[in-house]
Amino acid sequence: MLDQAFITEINGNEIRAMQLVTDACLHCTTGCIQRGKEFTVSNKRHYPVEEGNIIRIGLPRYKRGLHAFSSLILPVICAIFGYIFSAEIAKKSALKTPKRSKPFVL
């Protein structure tokens, strides 16, 4: 998850950057680069950057791991859990209707 960005403004440790969308036209030979949204990043390590530079921005490995777990592995675990225990959950949560009335069906 590394993105490229174009630096538009520098204020101390805060940098205003605009995302560069380089994969928008992979087969293009004209060399154009589309620009995305502008956002703020922090330069905690005081890298020597200037306005107009192109930088790479990414997340630390542990945050990428948490993102992978929450978006890929956790839903698979929940699906397996639901498949195994769906019959028991349905029995316990079944609505009990009186003998004279008909059950409500959507």
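The values are calculated or read from the model by the stated rules, or taken from the named source; none is laboratory data. Keep in mind the model is a prediction, meaning the values are calculated, not measured. Neighbour counts run over all protein chains shown; Cβ positions are idealised from the backbone, glycine included. Surface accessibility is based on the protein's heavy atoms, side chains included, excluding ligands, DNA and RNA. Shrake-Rupley method; radii C 1.70, N 1.55, O 1.52, S 1.80 Å.
For residue 53, the residues whose amide H sits under 5 Å from its own are 7, ignoring neighbours fewer than 5 places away on the same chain, with H placed 1.01 Å from N.
Largest accessible area first, the listed residues 74, 20 line up as 74, 20 when surface is computed with a 1.4 Å probe on the assembled protein chains. The amide H of residue 21, built 1.01 Å from its N in the peptide plane, has 34, 35, 36 as neighbours under 5 Å, considering only residues 5 or more places off or on other chains. The simple spin-label model puts a point 7 Å past each Cα toward its Cβ; for residue 51 and residue 69 those points are separated by 4.3 nm.
With the simple spin-label model, which puts each label point 7 Å out from Cα in the Cβ direction, the residue 85 to residue 11 separation comes to 4.9 nm.
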